[in-house]
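The values are calculated or read from the model by the stated rules, or taken from the named source; none is laboratory data. None of the values given here were measured: they were computed from a predicted structure. Every residue, glycine as well, gets a Cβ built from its backbone with ideal geometry; the counts of neighbours run over all protein chains shown.
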Amino acid sequence: MLPATIQLCTYNRAHLLGRVLAGCFEQTAPAQSYEVVLVDDGSSDATPAVIEAMRARAECAFTVLRQPNAGLAAARNAGIACAAGERIIFIDDDVLPTPAFVAEHLRSHARAPHAIVRGGVINTASFERLPPPYWTLLDYSGNFFWTTNVSLPLETLRRVGAFNRSFLEYGWEDIELGMRLRKAGVRAVFNREALVYHYKPRLLGSNVEGLLRQARAQARTALQLRRIHAHWRVTLATGNDPLQRTLHRLARALGVRRAAEAVLGRPAADRPLTGRQLLAARTLARDAYFEELDRAAARTR
């Protein structure tokens, strides 16, 4: 087996994918020590053309699978099925690996052969103007298994089972797998040098509706996660407890949503939100999340 597989899925991210693949190919680890497995989950933009243009730059093994859009869990599983690496390293299609990324994951696995390895993540608004490659506590995430940057033995993944394909909408499919890994007794270690940049651009006016749709989808999958794992960690992660839901209903009754809508106004579609508008948009997304929690819970009673 190869020492490692980088596995990622993509959907309509042609504007980012070329840069992400270049980062995957430009590693300090020897090209014969890893492969890249990419699943195109039914993209309708220029993704196929970007992939073909990048093939010439791949010195490592590069496998591409194309499938009709089936959601991230199903796409991940397709990639896992053809992975040849002893370790599988997950990233997303908006994540840029630094040159030592693969080598650092493998270094951690040499020290902790049976563990999950969590790498450092730095958010950036641009892949062209990257912040210094130094992870700090300001970049900390408490996620046990977050596919933005995580690796584990392929044998362990196949033993506990891959991603749950019933997660068809946005959110929580990696957390659900992480819960199973915890239950199986797999521990996690952190390597701040196994570093990636996560593309997080400033929100435009045209992004607000998508942000709200995503929040509602995440609420529905939060309830799905809770049905599978009735655990305090899930309650804490999802905020799906009586106190928080009551507080958000109270905030809505006191007019917090109306105030946020007034601050947001009608932003120009092609212009970044101001600081106040960004705060208002995030407030509305949080309100949409908890409102959908209540609606989805009522539908399942």
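So that you can scan it fast, the table gives a plain yes or no per residue for (1) farther than 22 Å from LEU223 by Cβ; (2) under 27 Å from the mean Cα position of the chain (by Cα):
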{"residue": "ASP241", "(1), (2)": "no, yes"}
{"residue": "LEU247", "(1), (2)": "no, no"}
{"residue": "ALA259", "(1), (2)": "yes, no"}
{"residue": "ALA268", "(1), (2)": "yes, no"}
{"residue": "ARG282", "(1), (2)": "no, yes"}
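Out of the stretch 65-123, which residues are closer than 15 Å to LEU8 by Cα, more than 16 Å from the chain's Cα centre (by Cα) and polar (S, T, N, Q)?
Those that are closer than 15 Å to LEU8 by Cα, more than 16 Å from the chain's Cα centre (by Cα) and polar (S, T, N, Q): GLN67, ASN69.
Looking only at the stretch 126-158, count how many residues are of a type in the set (Gly, Ala, Ser) and modelled with pLDDT of 95 or more.
Of the residues in the stretch 126-158, 1 are of a type in the set (Gly, Ala, Ser) and modelled with pLDDT of 95 or more.
Residues of the stretch 20-34 being touching a Cys at 6+ places or on another chain (Cβ under 6 Å) and outside any helix (DSSP H, G or I), which ones? Walk me through how you get there before you give the answer.
Taking the stretch 20-34 first, the residues touching a Cys at 6+ places or on another chain (Cβ under 6 Å) are 31, 34.
Of everything in the stretch 20-34, just one residue is touching a Cys at 6+ places or on another chain (Cβ under 6 Å) and outside any helix (DSSP H, G or I), namely TYR34.
Determine, yes or no, whether GLU209 is without any contact (Cβ under 8 Å) to a residue 12 or more places away in the chain and closer than 24 Å to ASP93 by Cβ.
yes
In the list ALA14, ALA73, which residue meets the criterion of being more than 19 Å from HIS198 (Cα to Cα) and either in the same structural domain as ALA100 (by TED's automatic domain parsing) or at pLDDT 95 or above (or both)?
ALA73
Within the bounds of the stretch 55-74, is there any residue that is surrounded by 20 or more Cβ atoms within 10 Å (Cβ to Cβ), among the β-branched types (Val, Ile, Thr) and touching a Leu at 6+ places or on another chain (Cβ under 6 Å)?
Within the stretch 55-74, not a single residue is surrounded by 20 or more Cβ atoms within 10 Å (Cβ to Cβ), among the β-branched types (Val, Ile, Thr) and touching a Leu at 6+ places or on another chain (Cβ under 6 Å).
Return a yes/no flag: does the stretch 218-230 have any residue that is of a type in the set (Ser, Thr, Tyr) and more than 30 Å from ALA125 (Cα to Cα).
no
Any idea how many residues of the stretch 224-245 are in contact (Cβ under 8 Å) with a residue 24 or more places away in the chain, crowded, with 18+ Cβ neighbours inside 10 Å and part of a helix (DSSP H, G or I)?
Total meeting the criteria: 5.
Does the stretch 194-210 contain any residue that is more than 30 Å from ARG271 (Cα to Cα), touching a Gly at 6+ places or on another chain (Cβ under 7 Å) and assigned to a loop (DSSP other than H, G, I, E, B)? Spell out the reasoning first.
Let us first name the residues in the stretch 194-210 that are more than 30 Å from ARG271 (Cα to Cα), namely 194-195.
From the residues that got through so far, the ones that are touching a Gly at 6+ places or on another chain (Cβ under 7 Å) too are 194-195.
Subset that is assigned to a loop (DSSP other than H, G, I, E, B): none.
Checking the stretch 194-210: not a single residue is more than 30 Å from ARG271 (Cα to Cα), touching a Gly at 6+ places or on another chain (Cβ under 7 Å) and assigned to a loop (DSSP other than H, G, I, E, B).
All but one of (1) within 26 Å of SER206 (Cβ to Cβ); (2) within 28 Å of the chain's Cα centre (by Cα) hold for ALA296; which doesn't?
Result: ALA296 passes all but (1).
Restricting to the stretch 21-54, count the residues that are exposed (fewer than 14 other Cβ atoms within 10 Å of the Cβ) and of a type in the set (A, V, I, L, M, F, W, C).
Qualifying residue count for the region: 3.
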